[in-house]
Every structure is written in structure tokens, then in C-alpha cells.
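**Q** Take a look at the following structure, please.
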Amino acid sequence: MTNNNDLIARVFRQEVLAMSAYHVADAEGLIKLDAMENPYEWPEDIKTRWLESLRACPLNRYPDPGARRLASVIREMNAQDQDAALLLGNGSDEIIQLLLMALPQGSSVLSPEPGFVMYRQLSHCLGLNYIGVPLRAEDFALDMPAMQAAIEQHRPKLIFLAYPNNPTGNLFDQDAIDKIIAQAPGLVVIDEAYEPFADASYLGRLGRHPNLLVMRTVSKLGLAGLRLGYLCGSPELIGQLDKIRLPYNINVLTQASAEFALNHKALFDQQTRLIRAERARVFAELNALAGITAYPSAANFILFRTPPGRANALFASLKQQGVLIKNLSPQGGILADCLRVTIGKPDENAAFLSALKQSLSSNP
Ligand code: PMP
């Protein structure tokens, strides 16, 4: 009988063997400020009405494969150009996977780095040639000479630009993005996961650029548990991608719950305003701490730099005090000494700031 290692090596692709699984930290018992979630739950009366609305869901039937009712609520919410088409995914993660699955074997995929890890992870998994182009170290802006040279050299079929960018939180310059869209030999996906916290979007420009796609998610708005993302673009592009989408990728409960929730968008808008106000407060308080540099953010998180060599210890000390944030320092490069905190409720942010002050003074 062959042992399992032989079997695995024989059966699985090299790319899969070389990967590490996506790691999600255990937040049990901790104040959870690591994953860019909205910290607010729904008021009880809305929860009750939501549960009532689920009574009508037929779980014995497959979901509507086109999620038509939900799609029309999304179009209305975005006042979306009726000429643009929509593709729904099980989170925008699934849409990234779909986009990559549609590319020819060995294609190049390009994105600035540091960026959202799934672009790289899923590209590698699918055997694509992922090119990460470093952002400018001083301000995390696009390094245009490097981007343009890499586009010329690798002729990527797909470019991902997160707008605002994760984990840096900034919005890239629009002139630079326009140049990239014009130069790109393939598609450009503007990933607007953090759009609720920014005052900028490319949705209104879809008609102007045939190679442009805009991706969004309801996760950061406050519905991360539903797993719903969407991609907007020309009917021709969306039509091709729709062929490889699994027919029932948005389940009955997600369709009904998202439809209900997005019909109560005012609630999320109010929560978004609270998060933005807290973002300003946390940013100012972080920058007032000796040795800490916080970077301006158009998202619901803040990246900050700790004194050299102290990020790991500060992260561990925060955790010990009951606050979980994200340690980016191990990634090195321009993220050396960097931590990222998601904006939570006022009391959670206060607990984070006080734990950080305590850690800074006790671990000099
Ligand atoms: N894009 C960016 C830039 C993100 O940061 C994230 C989540 N962290 C996603 C996409 C994925 O979002 P979703 O929950 O819709 O899969």
C-alpha cells in the first residue's frame, strides 16, 4: 500500500502542494478588530422582521440561479447604469476566483503590493503568473514607472487595483488609475470593497472603458456573514464570466437576507457614519502616541507603524490584554513594523488605544 505522501504528491497539482491555507486567527473571548467587519449588530425589531421574512424561503427548492430580485435591489441601491451587467458571487473572494479561472493557462495577473492577499493566493493556486509591483514606500502610492514597465513587460490579462487599498487604506490617484486602464492590454478590476468608507468610486465610469470592471461586496457594509460580492461591467464581459459561475452560488438564505438588509440601507449608512467618525478619532489618537505613525485611511481600518522592531511584541501584548488586531510586520518590506486595526465601536476603540498605550509604556 502506498503511503499518503506518495498519494498526495501524485494526485495534487504542484501549486496546491506549495500553498499554505488561508489562516484566520481565533478571536474567541477577544475584542475583534482584525478583519474589517462592521462591529454593529441590528436592532432587535429589524432582526425580528428579518427572521419573519425568512419564513417565506423555500429551502426544498434550489435558489434562483440569477438571484434576480436581489440583483434588482443592488442595481437600485447603486443607481447603476442600466447598460451595465451584474454578476453575484459568494463574497468577492469567489468573484476573484471566477475572474482568474477564465484566463488562459499561464497568463500574467498584476497588482500593486502590499495588496489584498487573495489576488496572489488564488493566482498561484490556479497556476497563473502573479506579478506584485511594490507601492511607493513613503506614501503607499502607485509607483507609476514601475507599474507601467511591468505592464509593458508582462502584458497582464488582468490587473487588480483595490480602491481603497487593503492593507494600506489609501485611495490611489485617479490620474494614475486612468493611465493604467488606458495602457492595460487586458481587464482592470477596481476592487471597491471599502467603498462605503470612501467618497470615490469607478462605478460611474464603466461605460467609458470597455476593459473596466468594478467589484464590490456587502461584507464591510455590515453583512460579512452573508457572503455576497458583486461585479459590474459590460454585458459582454459579465456574460463570459457568468458561464463559469456555479448556477446556485448564492443560496436561498443569502438572497433573501441580503434583499431584506439592503432594503434597510439607511441603517448601514448610519453605522458607516459612526465608523467614519471613530476612524478620525482613532487616527488622531494614534498619531498623538510617541513613536506611532498612523497612515490616513479611506477605509474602515487604519494601518500604523510602531517603533522599529516592536510590532510583534506590541501585537502580542494587545492580544494578552484582550484586543485582537492584525500583525502585518511578518510580511516585511514596506510593512515592517506595521499593525492594522479595524475601527470598532467607541468602547472597543478606547480599549484598543488604552491597551496600546499600556503596551508601549511597559515594553520599551
Ligand atoms: N477585496 C478586498 C480589498 C478585501 O480587503 C476583501 C476582504 N478583506 C475582499 C475583497 C473580500 O471580501 P468578501 O468578504 O466579499 O469576500
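The values are calculated or read from the model by the stated rules, or taken from the named source; none is laboratory data. Fair warning: this is a prediction, and the values are worked out from it, not measured in the lab. Neighbour counts are summed over all protein chains in view; Cβ atoms, including those assigned to glycine, are modelled from backbone coordinates with ideal geometry.
**Q** For residue 187, state whether it is more than 30 Å from residue 304 (Cβ to Cβ), within 21 Å of the chain's Cα centre (by Cα) and not charged (D, E, K, R). Can you show your working first?
**A** On the way: more than 30 Å from residue 304 (Cβ to Cβ): yes; within 21 Å of the chain's Cα centre (by Cα): yes; not charged (D, E, K, R): yes.
The answer is yes for residue 187.
**Q** Separate question: Which residues, taken from the stretch 59-86, are under 16 Å from residue 217 (Cα atoms) and in contact with a Gly (Cβ under 8 Å, 6 or more places away or on another chain)?
**A** Matches in the stretch 59-86: 85 only.
**Q** Out of the stretch 175-190, which residues are in a helix (DSSP H, G or I) and either closer than 21 Å to residue 236 by Cβ or more than 16 Å from the ligand (Cβ to nearest atom) (or both)?
**A** First pass over the stretch 175-190, keeping only residues in a helix (DSSP H, G or I): 175-183.
Within the stretch 175-190, 175, 176, 178, 179, 180, 181, 182, 183 qualify.
**Q** Could we say that residue 76 is surrounded by fewer than 13 Cβ atoms within 10 Å (Cβ to Cβ), out of contact with any His (no Cβ under 7 Å at 6 or more places or on another chain) and not assigned by TED's automatic domain parsing to the domain that holds residue 227 here? Spell out how you get there, then give the answer.
**A** Values: surrounded by fewer than 13 Cβ atoms within 10 Å (Cβ to Cβ): yes; out of contact with any His (no Cβ under 7 Å at 6 or more places or on another chain): yes; not assigned by TED's automatic domain parsing to the domain that holds residue 227: no.
Taking the combined requirement at face value, the residue does not satisfy it.
**Q** Among the residues of the stretch 103-160, what is the count of those that are of a type in the set (Lys, Arg) and out of contact with any strand residue (DSSP E or B) (no Cβ under 7 Å at 6 or more places or on another chain)?
**A** First, the residues of the stretch 103-160 that are of a type in the set (Lys, Arg): 120, 136, 155, 157.
Restricting the remaining residues to those that are out of contact with any strand residue (DSSP E or B) (no Cβ under 7 Å at 6 or more places or on another chain) gives 136.
Looking only at that region, the number is 1.
**Q** Note down all Cβ pairs under 6 Å where the first residue falls in the stretch 204-219 and is β-branched (Val, Ile, Thr), the second is away from the ligand (no atom under 13 Å from the Cβ), and they're at least six residues apart or on different chains.
**A** 214/202; 214/203; 214/232
**Q** Same structure again: Only one residue in 258, 193, 200 is buried (at least 18 other Cβ atoms within 10 Å of the Cβ) and part of a loop (DSSP other than H, G, I, E, B), so which one is that?
**A** Numbers: 258 fails: part of a loop (DSSP other than H, G, I, E, B); 200 fails: buried (at least 18 other Cβ atoms within 10 Å of the Cβ).
When all the criteria are applied, what remains is 193.
**Q** Out of 110, 128, I need the residue that is free of Cβ contacts under 8 Å to residues at least 40 places away in the same chain, within 17 Å of residue 188 (Cα to Cα), more than 14 Å from the ligand (Cβ to nearest atom) and surrounded by 17 or more Cβ atoms within 10 Å (Cβ to Cβ). Which one? Explain how you work it out, then say what you get.
**A** Values: 110 fails: free of Cβ contacts under 8 Å to residues at least 40 places away in the same chain.
Just a single option satisfies the conditions, and that option is 128.
**Q** Given the residues 71, 35, 56, which is the only one that is under 29 Å from residue 210 (Cβ atoms) and either more than 16 Å from the ligand (Cβ to nearest atom) or at pLDDT 95 or above (or both)?
**A** Result: 71 is the single residue among 71, 35, 56 that is under 29 Å from residue 210 (Cβ atoms) and either more than 16 Å from the ligand (Cβ to nearest atom) or at pLDDT 95 or above (or both).
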